[in-house]
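Structure record follows, encoded as structure tokens.
The values are calculated or read from the model by the stated rules, or taken from the named source; none is laboratory data. Predicted model, so just to flag it, every value in this text is computed and none were measured. Don't worry about glycine lacking a Cβ; one is built from the backbone with ideal geometry, like all the others, and counts go over all protein chains shown.
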Amino acid sequence: MEVMTIVFPDGNRARTVYTPIGVTGATIVEALELPRPEAVLLLNGGASEMSSAEMDQLHDLLWAIARLIARESITVIDGGTRTGVMQMIGEGYAAAGGKSPLIGVCPAALVSWPGGPTDDHLTPLEPHHTHFVLTPGHHWGAETETMFALAATLSANAPSLAILVNGGSIALQEILSNVRQKRETIVLRGSGRLADIIAATVRGDIDPPDDEIATIVRDGHITVFDIARGSDALVTLIRERLFQQPIAQALRTNENKMSTFNKFEEYKLFIEDTARLSERRQTVTNTYITVNSALLGLITFLVKDAGLTDWWLVAAIMPLIAAGIIVCSFWYRLLATYRQLLNFRFEQLEKMEQSEALRGCHEMYNLEAQRFFRNAPPNRRIGFSRIEVRLPLLFIALYALTGIGLAVATWMVGQGLLPPPVIQP
């Protein structure tokens, strides 16, 4: 593996390696003489088809990320060229006085640098990067396997995070690689193209347009961030994800271990209390079904066996029908209240699963919400409470139809349009 140093016009010197096919991440780390990272950040995507206003907003976000990188000595991996996201992060990194590794990974045959190939059709390397990995291949995307071999090695003993900005087909493969390496990805909603498609799919606004995005949403750890929230909120989110992870905290102090344990106990108690609330809702439903069954049974008795005829029958039954409708209205309100309470609790459970203290858990409630609610068409979303809350309405309709039918039948008997009922002795 060939090692060289690229010297850029501003005096920046970048240690660079040419990698063969199938090189390991550990070999690259050794050749580049990279220190053990405090944290690793992967930047995926680009800035295509963005308006000037969107570019200005993205520029502010990336420069804020660059200041965080410099301040926290974060190791960064990106595409390394003087275009779009990579150029913005490189310039911001230099302005912030960054000293940690800023590593660009790209196919050697497609880029140019001082002292190297200079054809006009080649894309220049970004001059503020500290390291470059030049891979085999003659198309963009050929570098992805090497990029993620390096990322896996660097993040083996350090927290890591990916950020998706805009992006197209190559970024899609990079995000799939992040999913396979179980790396969280922050998707910048509002940056366009792939990022907006994934964000809309995660939020349930659209169905997954293809199997690859369905896999990302189903299996990945995706956090959607709206760029309208601004740079401060994004920096806070990145810092939280990289430097407040429970595993890292548990390795540092016993106090943090106890904090994580207590958070897990809180999560367990919350689940148990939610289950009890769901059981109370079911008890309410059973009680009201029993009451309505009794009322309908009494109505049936009066119609069939009590011997009441004409409007006396209507007069006897209408109060029962009114009572049934009133009972069902109370039932409906109770179920609606229970549904709101349970939905709120499930939302809180999902947030707890995404918290730092529970990082690494299976996230059953998040997976369940994504599979059966967010990603399902509105008319096919599964949810027992959606069906259960319609039961009172069904009973109300049954009472109303019974009352109307009885009144109409009694009138028709009185008018001679129907024969009177025969009461069996």
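A few notes on this one:
- Subset of segment 31-70 [under 25 Å from the mean Cα position of the chain (by Cα), under 21 Å from Cys106 (Cα atoms) and surrounded by fewer than 19 Cβ atoms within 10 Å (Cβ to Cβ)]: Ser48
- Selection within segment 1-16 - among the polar types (S, T, N, Q) and either closer than 23 Å to His138 by Cβ or assigned to a loop (DSSP other than H, G, I, E, B) (or both): Asn12, Thr16
- From the options Val85, Val23, residue that is over 26 Å from the mean Cα position of the chain (by Cα), aliphatic (A, V, I, L, M) and more than 19 Å from Arg183 (Cα to Cα): Val23
- Just one of (1) more than 21 Å from Ser191 (Cβ to Cβ); (2) surrounded by fewer than 21 Cβ atoms within 10 Å (Cβ to Cβ); (3) in contact with a Pro (Cβ under 9 Å, 6 or more places away or on another chain) fails for Thr83. It is (1).
- Any helices (runs of 4 or more DSSP H) falling wholly within segment 135-237 and containing at least 2 residues that are farther than 30 Å from Ala109 by Cβ and of a type outside the set (Asp, Glu): 193-202, 211-219
- Ile423 within 30 Å of Ala199 (Cα to Cα), of a type in the set (Val, Ile, Thr), at pLDDT below 60 and surrounded by 10 or more Cβ atoms within 10 Å (Cβ to Cβ): no
- Among the residues making up segment 17-56, those that are assigned to a strand (DSSP E or B) and more than 14 Å from Asn166 (Cβ to Cβ) are Val17, Tyr18, Val40, Leu41, Leu42.
- Filter result (closer than 19 Å to Glu91 by Cβ and in contact (Cβ under 8 Å) with a residue 40 or more places away in the chain) within segment 43-61: Leu43, Asn44, Gly45, Gly46, Ala47, Ser48, Met50, Glu54, Gln57, Leu58, Asp60, Leu61
- Residue within segment 129-144 that is among the polar types (S, T, N, Q), free of Cβ contacts under 8 Å to residues at least 24 places away in the same chain and either within 17 Å of Pro20 (Cα to Cα) or surrounded by fewer than 20 Cβ atoms within 10 Å (Cβ to Cβ) (or both) present: no
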